[in-house]
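Since the structure comes first, as structure tokens, the remarks are kept for the end.
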Amino acid sequence: MTAPAIEARGLRKTFRSGSRTVAALDDVSLTLAPGETLAVVGASGSGKTTLARALMRLFDLDGGSVSLRGRDLLALSGAALRAERRHLQMVFQDPAAALNPRATIGRVIEDPLRVHSIVPASRRRDAVSGLLARVGLPADLADRPVHALSGGQRQRVAIARAMATQPAVLVLDEPVSALDVSVRGQILNLLMDLQREDGIAYLFISHDMGVVRAVADRVAVMAAGRIVEAGHTATVFASPQAAETRALLDAVPHLPPRPADEVSR
């Protein structure tokens, strides 16, 4: 039996907010298989981004466990943690904020190759060119600064940087919500192509149920730091059980059908 790409059990995290203690994660568990896309959805403040950052070990948890490729991620530290982290990468919502605007594109993509000693220095330029090609960008962009790119191009660079370490899991935190509508489909198609080619598992954080329906194998719905419903995407969409799920689905815009005479013009 194939081990999960990532597995979390009983995650707990509280934060102080003035005089109140807020349970940002309250006994959250999930399993993600290799090559699978699990969408974590919920309204603003539901805990989905906190979950993503917890899996990345961007803060310490109050309780629970995270296993990456069968290894206890929370038990690692120092060099062992850095080595294992190459297999778990994240693409953030806003590529402009996630990338150094003054750095060259080549430097941005080369950094993980250097930090994790993935390829020798003499081959990094070629590796950067190959990664740019994989995300649909020309090699001659390597010498241009990040700020010279469009939003869609910057997100492609962010994806190339994440792919540089050959990860087993990509955490995608609202990866298309900051992009123009015309660009979103292109980035989603790119992500699905990369997944088919490399068998990467995606944890796809989103509030957009239309996007989720297009890309996810399974859905987990969060509210108040808990998973209130989970299941296969088609099942959840066809027969939502939780009130929070129904509210998210009701918020998806439905365009009225065009009149027959307008269609025929």
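Since every read-out is calculated from the coordinates, none of them should be taken as a lab result. In this text, all values refer to a predicted model and were calculated from it rather than measured experimentally. We place every Cβ from the backbone using ideal geometry, glycine too, and count neighbours over all the protein chains shown.
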Report the full-extension gain for the segment Ala139 to Gln166: residue separation times 0.36 nm, less the Cα-Cα distance, to one decimal in nm.
7.8 nm
Could you work out the relative contact order of region 1-91, using alpha carbon pairs under 8 angstrom and six or more residues apart, expressed as a whole percent?
33 percent
Compactness relative to 2.2 N^0.38 Å, alpha carbon Rg of region 99-166
0.97
Say each of Ala127 and Arg114 gets a label point 7 Å from the Cα, pointing the same way as Cα to Cβ; how far apart are those two points in nm?
1.2 nm
Which percent, to the nearest 5, of DSSP beta bridges fully inside region 69-219 are antiparallel?
10 percent
Taking the Cβ of each residue in Thr104, Thr49, Thr245 as the centre, tally the other Cβ atoms inside 10 Å and list the residues starting with the fewest.
Thr104, Thr49, Thr245
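In which sequence would Ser29, Ser239 go, from the one with the fewest C-beta neighbours within 10 Å to the one with the most?
Listed from fewest to most nearby Cβ atoms, that is Ser239, Ser29.
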Positive-end residue, the chain charge dipole about Cα centroid, Cβ charges, pick of Thr50, Val169, Leu99:
Leu99
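Return the percentage of antiparallel bridges among DSSP beta bridges fully within the chain, rounded to the nearest 5 %.
The antiparallel fraction comes to roughly 55 percent.
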Report the extension gain between Met192 and Phe15 in nm, rounded to one decimal, defined as 0.36 nm multiplied by the number of residues separating them, less their alpha carbon distance.
60.2 nm
Counting only Cα atoms, I'd like the Rg/Rh figure for the chain, Kirkwood definition for Rh.
1.00
Quick one: Lys13, Lys48, fewest Cβ neighbours within 10 Å first, how do they rank?
Lys13, Lys48
Selection from Pro145, Leu25, Leu131 lying farthest towards where the dipole of the chain points positive, charges on Cβ
Pro145
